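Written out below as structure tokens is the structure these notes cover.
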Amino acid sequence: MSRLLILHTGGTIGMQPSATGYVPADGFSDRLAHHLSASLGTQLGDHGTDALPDYHLIELEPLIDSADLAPADWNRIVAALAQHWQGYDGFIVLHGTDTLAYTASALSFMLGPLDKPVVLTGAQIPLGEPRSDAINNLTTALLMAADPAAPPEVCIAFHDRLLRGNRARKVRSQGFDAFDSPDAPWLGEAGIALSFMPGLALAPGTPEAASGGMDAAPAAFTPNVTPRHFAPGAVAMLPVHPGLSAALLDAVLGDPALKGLVLQTYGVGNPPSLDGALIDRLAQSSQAGIAILNVSQCPQGQVVQGAYASGAALNAAGVIPGADLTPEAALTKLQVLIADGLRGEALKSALATPLRGEMTVN
Ligand code: ASP
């Protein structure tokens, strides 16, 4: 029988009202056991029933509203997963919905190939409140993570959908169907039965080859758990818009800490020219070694950098077309690769290559 670890990081799922609005609250483990028992109509034993996989819950301290999440928090999540990797068959990360897609993307790049599922979930209404989606999202995540057909990768389970983490976006601020992956098929679905799309899962990571002779036990697989230093200001994201000023562009590109920029352009990757100022500045920055990654502001579709003259100028300026990367995946990919020390051509080439199923390259 599968044994799962739930890592509670904060977010609406476990929040309680305060005088100033919802805030993270302690005691989630006991409240969860209480509500699971009530919803299943049975007494939970040591955090398990016949109906649900056995789980153990730990809390990340301090719990956070995910709007406050910083890249350093990804190291805290990775460290907690790494510490328990060998003891469990799968992992659930409870997370606020605001930055859940960023964290899912970041974890996919930080952890690399996996041999077990890491399933992120949360809720739009806190556990215990009328019409809360917490129990459905959490029990679906538990059952999906325990299923032998679960993809061994970072996923999001939300409102009966299983999505690739680095393809997902928060698409609704108020609907229960808050997450979708507009450019990639769902990895699975929870109807009356759970189903997983065949052939879509990433290839699992495999254990290191055993050394020490034929009789040596094979080493256990371990994900990449290197803590990264995410230098403040190293990566920025800038949506172009009518009225964008060269001064704003200069402020962003002129930051000496900047090593990478995600540029969110119109449609198939078209920027405004700002009378030539934008392209000039982007070309200068690119020549100075700043990686500039072009993604679309459209929720769906590819960047085709060069379909229009305005986009073709970006090719000449050294801007990297981001295909169908989500802004969340583009930002976190850049952050992780830069934290890993990639620069110049190596960085450009990694950005243009799918690393964890995050983009479609035609
Ligand atoms: N602000 C909350 C958070 O992201 C929203 C949520 O969880 O839905 O932590």
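The values are calculated or read from the model by the stated rules, or taken from the named source; none is laboratory data. Everything numeric here is computed off the predicted structure, so don't read it as measured data. Reconstructed Cβ throughout: ideal geometry from the backbone, glycine too, with neighbour counts over all protein chains shown. To get the accessible areas, we keep the full protein, side chains included, count just its heavy atoms, and leave off ligands, DNA and RNA. Shrake-Rupley method; radii C 1.70, N 1.55, O 1.52, S 1.80 Å.
Structure summary
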read-out	value
Failed item in (1) more than 16 Å from the ligand (Cβ to nearest atom); (2) open to solvent by 10 Å² or more (accessible area, probe 1.4 Å); (3) under 15 Å from Ile6 (Cα atoms), with Leu142 passing the rest	(2)
Unmet requirement for Gly341, which otherwise passes all of (1) surrounded by fewer than 22 Cβ atoms within 10 Å (Cβ to Cβ); (2) modelled with pLDDT under 95	(2)
Qualifying residue in the stretch 58-66 (condition: open to solvent by 30 Å² or more (accessible area, probe 1.4 Å), more than 16 Å from the ligand (Cβ to nearest atom), modelled with pLDDT of 95 or more and assigned to a strand (DSSP E or B))	yes
The listed residue being open to solvent by less than 60 Å² (accessible area, probe 1.4 Å), away from the ligand (no atom under 15 Å from the Cβ) and farther than 15 Å from Leu120 by Cβ, out of Pro24, Pro53	Pro53
Residues satisfying the stated conditions in the stretch 1-21, i.e. more than 23 Å from the chain's Cα centre (by Cα), within 16 Å of the ligand (Cβ to nearest atom) and not in a strand (DSSP E or B)	Thr20
Search result, residues across the stretch 169-191 that are of a type in the set (Gly, Ala, Ser) and either without any contact (Cβ under 8 Å) to a residue 12 or more places away in the chain or not in a loop (DSSP other than H, G, I, E, B) (or both)	Ser173, Gly188, Ala190
Among the candidates Asn166, Asn136, residue that is surrounded by fewer than 23 Cβ atoms within 10 Å (Cβ to Cβ), outside any strand (DSSP E or B) and either among the charged types (D, E, K, R) or modelled with pLDDT of 95 or more (or both)	Asn136
Test: Ala72 is more than 16 Å from the ligand (Cβ to nearest atom), modelled with pLDDT of 95 or more and open to solvent by 40 Å² or more (accessible area, probe 1.4 Å)	yes
The listed residue being assigned to a loop (DSSP other than H, G, I, E, B), touching a helix residue (DSSP H, G or I) at 6+ places or on another chain (Cβ under 8 Å) and not aromatic (Phe, Trp, Tyr), out of Leu347, Leu355	Leu355
Qualifying residue in the stretch 279-289 (condition: under 30 Å from Leu111 (Cα atoms), within 26 Å of the chain's Cα centre (by Cα) and touching a residue at least 12 places away in the same chain (Cβ under 8 Å))	no
Of residues in the stretch 80-94 being of a type in the set (Gly, Ala, Ser) and farther than 12 Å from Thr9 by Cβ, the one farthest from the ligand (Cβ to nearest atom)	Gly87
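Listed here are the residues, each with its yes/no results for (1) buried (at least 24 other Cβ atoms within 10 Å of the Cβ); (2) in a helix (DSSP H, G or I); (3) within 16 Å of the ligand (Cβ to nearest atom).
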site	(1), (2), (3)
Gly96	yes, no, yes
Ala101	yes, yes, yes
Ala106	yes, yes, yes
Leu114	yes, no, no
Leu120	yes, no, yes
